[in-house]
Amino acid sequence: MKQVGGRIKSFFNSRGGFMILAIALFWVKIFWAYNTKFNLGAEGGFQKMLLALNPIPTTLLLFGIVLYMKGRKSYISLLIVDAITSTWLFANILYYREFSDFMTFALMKGGSSVSNNLSKAIMGIIDPSDFLVFADLLILILLLAFKGVHMDIRPIKKRIALLVSMLAIVLFGANLSMAYHDRSGLLTRTFDSNYIVKYLGLNAYTVYDGVKTAQNSAIKANASSSDLKSAQKWIKENRVAPNVQYTGVAKGKNVFVIHLESFQQFLIDYKYDGQEVTPNLNKIYHEKDTLSFDNFFNQVGQGKTSDAEMMLENSLYGLPEGSAMSIDGSSNTFQAAPSILDQQGYTTAAFHGDVPSYWNRENTYKAWGYDYWVTKGYMKDKKSYEIGYGLKDKIFLKESAPYIQQLPQPFYAKIITLTNHYPYPLDKKNVSIAKTKTGDPTVDGYVQTARYLDQSIGEFMTWLKKSGLEKNSIVMFYGDHYGISANHKKAMAKLTGIKNYNDFNDAMYQRVPLMFHMTGLKGGVNHTYGGEIDVLPTLMNLLGINNSKYVQFGSDLLAPNRNQTVPFRDGGFVTPTITKVGSNYYDTKTGKQIKHPTAAQRTVENQAVNRTTTVLSLSDRIINGDLLRFYNPSGYKKVDRSDYNYKLSKAKKQLKKDQKKGTSVLAQHHGKYVEYDTDAPELMTKAQREKAKAESASSSSSSAAKDSSSKSK
Ligand code: GP9
Ligand code: MN
């Protein structure tokens, strides 16, 4: 026994042994912090295993550096490295508590809200247990000070040090490939800093962020205001006047922007199993006071939802790689819809049932001027309330309603739904239509979650009526991007009945809904070809706000004589006559490939290619170079990020104050909330659930009886 003790002691008395002890203590500490101080959302055995293993490679690499040093210096350096990484962890814990995100170089450099807010708030947000992040360091210092371990000052062979560094790199490579196995595009698509920390660790995230920020600032440093001039020139030359018949028809109304997650146009009026999949949205689509578009395309790239948001609220394109919101949302200047409307007297708020950090919304929305960012943490939550990325839509919308009622009117509210998201899982209790039978498991649930989303919208519209909001609001719906990607052509062939569903068909199925619904609006189905880039100019015209001073690449969808080329992010496009997919051209009407274009066709092709490459590159230059920082539209006040804070306690306080204005629905109802009705089974008691089930069974049998009686007539 004594011998074992002696051996352990002599192991720790060696330099390698001491370093291993330091790594082990650091590892325990960081694992504790991951699980108690952050909300990384590791789910399932594989992600949990990665979360546990990911500190090892980077810690080994960092701590291993000291093996290249001699004697005492090496011990002191180890303590310094430990102290720096621990302080970094400590700072991140505090920052995360305030902002649900990790610290970035862009934020620190910007001297923006971080330094302001953090220094102000820091004392208030420290929890005594935070100091435990220094416990390992203290143990090491005490061990050395009280000679619990002796310093081993013998030199270590360079080869050994090199071997340790190489081992760390190999381990990191293994970690990275396991992470990619679970989440492809982790580093290129930059979804969420939480994801990178969950898969690769805090230190890896810091390095990743540092490299990105350095690349980014180099481009920005080289950009100049003259770059912006060419974009403004193009916009001016290509501008079409908006449709005056619609100018200002929704002036002063509340605006609801309803984001229909992954919702494709083909679902409108789509029937499966003898039923309409989305009866509520179909009804809205056909209503006489809904303006609908049936040739409206999504134009997103890798940034998916975030690209849609960028186009919808800025009329700027997403980037060719990654997400512009993630890459530039924390640093760039924008002149986005919320800020423009805010300066017209609107209150602005975005709602979502996920965490605030996804797609870097927490930071980007500040730059876009959102007054409120209402997310999962603002809402009642239970495990059964969530599916996939977050709260189920019915519950999310019900939970959003009280906040909506507190907003001073007029308001601009963006509501981002979530349940109809790949891979379309839905629990039995919420299923109301059979799965399709294409045999492709990620496709077959699509109609079920789309139906669920549709029911949620139905409930929301009922509440809008009940609360009186319908009368003084314009409600815009849009599908953000495809639900079924080009990787599922066989399944799409079955769903659509198109035999050889090919790349051209896939391009056509990039159509998503766009509808404006408002009491008294002159509606109908409009056939113009357009895309997400065109939404903001259209909306601004409806609201009677002139957009000509802003840098926006889209055009009013209702404008006569508008150019109907719809650029895709990969350089392809759709026009009413010709579509380009990859390097092939097709006749948009017949779907036939054009191998030998006529002179007229060639002219259309060339013009559309030209226009597409020009707008994409001009827009990219604006985002990559942060060019809007050089431009102050007259009468527009630049947004100051540090004016915004999305902490629940702050929002509650502000909303309370807001009530004094007397313009919110809540104030108009003398402080009484208009109740939101939902049939979400999670919110019912068992007895209520059974009653609802019995009612729906009896109503479906009576409608079946009606059906058969009408058939027999
Ligand atoms: C997550 C959600 C999903 O918050 O908006 O984004 P997506 O995967 O569709 O881009
Ligand atoms: Mn999406």
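The values are calculated or read from the model by the stated rules, or taken from the named source; none is laboratory data. This structure is a prediction, so every number in the text was calculated from the model and none was measured. With ideal geometry, Cβ positions are generated from the backbone for all residues, glycine too; neighbour counts draw on all protein chains shown.
Annotations
- When the criteria are applied in full, residue 381 meets the requirement of being in a loop (DSSP other than H, G, I, E, B) and without any contact (Cβ under 8 Å) to a residue 40 or more places away in the chain.
- Residue within segment 662-670 that is loosely packed, with under 14 Cβ neighbours inside 10 Å, closer than 26 Å to residue 341 by Cβ and out of contact with any Pro (no Cβ under 9 Å at 6 or more places or on another chain) present: yes
- For segment 393-423, the set of residues classified as within 16 Å of ligand 2 (Cβ to nearest atom) and either among the polar types (S, T, N, Q) or assigned to a helix (DSSP H, G or I) (or both) consists of 393, 396, 417, 419, 420, listed by residue number.
- Residues being surrounded by fewer than 19 Cβ atoms within 10 Å (Cβ to Cβ) and more than 16 Å from ligand 2 (Cβ to nearest atom) - total across segment 359-392: 6
- Selected residue [assigned by TED's automatic domain parsing to the domain that holds residue 446, surrounded by fewer than 21 Cβ atoms within 10 Å (Cβ to Cβ) and within 22 Å of residue 291 (Cα to Cα)] from 513, 560, 597: 560
- Test for residue 606: is it in the same structural domain as residue 247 (by TED's automatic domain parsing) and touching a Pro at 6+ places or on another chain (Cβ under 7 Å): no
- Exclusive hit being surrounded by fewer than 23 Cβ atoms within 10 Å (Cβ to Cβ), in the same structural domain as residue 517 (by TED's automatic domain parsing) and at pLDDT 95 or above, set 442, 438, 417: 438
- Output for segment 576-589, where each listed residue is more than 29 Å from the chain's Cα centre (by Cα) and part of a loop (DSSP other than H, G, I, E, B): 576, 577, 583, 588, 589
- Only one entry in 69, 19 is without any contact (Cβ under 8 Å) to a residue 40 or more places away in the chain, within 20 Å of residue 165 (Cα to Cα) and not charged (D, E, K, R), namely 69.
- Looking only at segment 251-310, and only at residues there that are at positive phi and within 16 Å of ligand 2 (Cβ to nearest atom), the one that is surrounded by the most Cβ atoms within 10 Å (Cβ to Cβ): 262
- Among the residues making up segment 653-666, none is without any contact (Cβ under 8 Å) to a residue 24 or more places away in the chain and under 8 Å from residue 408 (Cβ atoms).
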